[in-house]
Amino acid sequence: MDATLEVRWFRKGAPPAAVDDWFAALGAAKKSVRTDLYLHTPDPAINVKLRAGKAQAKRRLPPDGNGGGPVQPAEGVEGCAKPWRKFSFKTRDQPALGEAGQASGLWTPVEKDRDQHTLDPGELAAVLADDPAPSDAKAGDVEAGDVEASIELTRTRVDDGPPWWTICVETEGAPDALDAPLVPAARHFFADFPAASCPLDVDASFGYAAWLCRMDRPAAPAQRGAQRRAFLTTDS
């Protein structure tokens with residue numbers, strides 16, 4: 001089982017050039033391009049997907065005692081951090097992409113082109129030491145390898161819908177060490193974010209499961225594709 005604390009935002013279209021420049025200035029990033037298959041579910045606290053021969057199940061926990069809640073790491077950047085627990089299993093079979101979506105109504109293909117920048121425990125300890133705001137995080141908590149922090153910028157789309165982009169800040173590691181470093185790490189990442197031209201607000205802060213729920217209103221399977229397309233092409 002893996003434990004994460006995540007704050008994510010979604011925006012329609014492609015990332016503005018200013019956002020691309022900001023992310024590139026953070027340093028080296030790991031690139032991945034893939035299509036994940038998400039199970040249809042009406043519950044945004046449950047995230048089940050198939051990825052590269054593995055099944056992954058994520059469950060969102062209530063914030064009480066698990067960390068999370070409102071965060072504002074920079075002016076014009078407000079979100080809601082949420083704790084998750086994640087399990088991964090190898091699968092014997094995985095449906096082909098052409099069979100996964102409309103044919104069964106069970107799975108939604110989500111294309112992702114992701115760049116991820118990660119602070120290892122030593123780098124995170126340095127960020128905590130330099131953070132100007134008071135924090136309960138201690139550098140020693142991360143020097144031992146208890147937690148890492150990362151930020152991702154991902155271009156994504158559902159089925160044949162229009163493009164979206166998403167930013168996520170995440171801490172991963174020991175469950176009791178995730179909360180305190182999240183905001184200092186986010187302040188570090190968003191220090192030069194172009195929020196004046198591209199604000200990230202709390203109404204756009206949710207995970208992939210909630211994003212897909214907003215496209216998949218309760219309906220007969222034959223209506224789901226049309227409803228997703230209508231949501232995707234409606235202005236925010």
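For SER197 paired with VAL33, estimate the spin-label separation in nm (one decimal), with each label point 7 Å from Cα along the Cα-to-Cβ line.
2.6 nm
Would you list, by chain and number, the aspartates and glutamates whose Cα falls below 15 Å from the Cα of LYS90, excluding same-chain residues fewer than 8 positions away?
ASP36
State which entries of LYS12/LYS86; LYS12/LYS54; LYS58/LYS112 exceed 23 angstrom in Cα-Cα distance in the structure shown.
LYS12/LYS86; LYS12/LYS54
Quick check on packing: order 77-83, 54-60 by the mean number of other C-beta atoms within 10 Å, highest mean leading.
Packing proxy ranking, top to bottom: 77-83, 54-60.
Considering only the other residues whose Cβ falls under 15 Å of the Cβ of SER197, what net charge follows from Lys and Arg at +1 and Asp and Glu at -1?
Combined, the nearby Lys, Arg, Asp and Glu give -4.
Laboratory data are not the source of any read-out in this text; all were calculated from the coordinates shown. Source: prediction; values computed, not measured. Every residue, glycine as well, gets a Cβ built from its backbone with ideal geometry; the counts of neighbours run over all protein chains shown.
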